[in-house]
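Here the structure is laid out as structure tokens; the discussion comes afterwards.
The values are calculated or read from the model by the stated rules, or taken from the named source; none is laboratory data. For clarity, every value in this text was computed on a predicted model and none was experimentally measured. Ideal geometry is used to build each Cβ from the backbone, glycine not excepted, and the neighbour counts take in all protein chains shown. Surface accessibility is based on the protein's heavy atoms, side chains included, excluding ligands, DNA and RNA. Shrake-Rupley method; radii C 1.70, N 1.55, O 1.52, S 1.80 Å.
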Amino acid sequence: MVTGNPSISIRDRATKDPRRHQSTVSVNNLLGNHGGKPNVEFADLIDASNAARAVKHPFRNLLKRRNRPQLVKGALGIPAFQQRTGMNSILFYAPAIFQSFGFGNGASLYSSLITSSILVLAILVSMYLVDRLGRRFFFLEASAQMILSMVVVVIILALKFSHGVVLAKGYAVTLVIAICTFVAAYGWSWGPLGWLVPSELFPLEMRSAGQSVVVCVNLFFTAAVVQFFLVSLCHLKYGIFILFGGLILTMATFIFFLLPETKQVPIEDVYLLFQKHPIWRKVTYSR
């Protein structure tokens, strides 16, 4: 059920390997060139594979100046921001959050089930539309939607929620809708794209090193945010949602100014986007 990867197929076949011809035919079939004649994309894959084999220290290569966009955006920025939305904290502690809003035990569990189902459906939406609308569109649209959801939550909690007071049914339902809207936005943006976009940014010669850093950064911030969420909720109360909204605004600004669109761009040519980018061109390639 796992499809082949043209870059990996070429990389795993040495030049003098007798199976190279079979690999060449297979890769051309993956590229849609069933005639078996090499095309431009196939030639690019060959060049990228040769460059990858020449790299002996991928982690050291990741730190080079020309790879700074991939390091900042793909390895550090996106996986860290993915967790700073507060999404995992909301999912983990959904029953406790809804209980604090005045829901009973059963309703809190049902609300958690609803948010998880919405998350799955939103991911399916992203899978279907991401190559049509683009990565930046989903990042920016979802960031706006998540911020608006947090604004609704903050306003209701600030005006209508206090110690020992149960929210009226209308306000409670509005809070659930706002949180579900937040979950849906995350589900078709930062959730799946937080893994997709970094995998598209790294060239073949440092892809394994880059993805290793992505996973480490993601897990670190997952543990940090979940560890401090309940403490922050107790001390900041509705202010924790203001904090998440501010972080999401920062993330949206980060995406708007620093992330080029990678839709339908071959992975081997992504570095060209950074060479043409008005900011990364000055930071990385200017002397």
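Looking only at residues of region 220-248 that are farther than 13 Å from Gly86 by Cβ and within 18 Å of the chain's Cα centre (by Cα), we find that the one that is most open to solvent (accessible area, probe 1.4 Å) is Phe220. Pairs linking a residue in region 125-136 that is in contact (Cβ under 8 Å) with a residue 40 or more places away in the chain to a residue that is open to solvent by 50 Å² or more (accessible area, probe 1.4 Å) and assigned to a helix (DSSP H, G or I), with Cβ atoms under 8 Å and 6 or more positions apart or on different chains, are Val130/Leu196; Arg135/Leu196; Arg136/Phe256.
If you go through region 250-265 and keep only what is under 13 Å from Ile147 (Cβ atoms) and out of contact with any helix residue (DSSP H, G or I) (no Cβ under 6 Å at 6 or more places or on another chain), you end up with Thr250, Thr253. The set of residues from region 73-83 being within 17 Å of Glu261 (Cα to Cα) and at pLDDT 90 or above comprises Gly77, Ile78.
When region 266-287 is filtered for residues that are open to solvent by 30 Å² or more (accessible area, probe 1.4 Å) and within 28 Å of Ile147 (Cβ to Cβ), the ones remaining, listed by number, are Leu273, Pro278, Ile279, Val283.
Of the residues contained in region 162-172, one or more are found to be in a helix (DSSP H, G or I) and of a type in the set (A, V, I, L, M). Within region 279-286, one or more residues are small (Gly, Ala, Ser), farther than 21 Å from Val130 by Cβ and either at pLDDT below 90 or touching a Phe, Trp or Tyr at 6+ places or on another chain (Cβ under 8 Å) (or both). Would you mind stating whether Val130 is over 19 Å from Thr115 (Cα atoms), within 16 Å of the chain's Cα centre (by Cα) and either modelled with pLDDT of 90 or more or hydroxyl-bearing (Ser, Thr, Tyr) (or both)? Yes.
Each row is one residue, and each column tells you yes or no for (1) open to solvent by 60 Å² or more (accessible area, probe 1.4 Å); (2) closer than 18 Å to Met251 by Cα; (3) not small (Gly, Ala, Ser).
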{"site": "Val153", "(1), (2), (3)": "no, no, yes"}
{"site": "Leu159", "(1), (2), (3)": "yes, no, yes"}
{"site": "Ala168", "(1), (2), (3)": "no, no, no"}
{"site": "Ala172", "(1), (2), (3)": "no, no, no"}
{"site": "Leu175", "(1), (2), (3)": "no, no, yes"}
{"site": "Trp188", "(1), (2), (3)": "no, yes, yes"}
{"site": "Gly194", "(1), (2), (3)": "no, yes, no"}
{"site": "Pro198", "(1), (2), (3)": "no, yes, yes"}
{"site": "Gly210", "(1), (2), (3)": "no, no, no"}
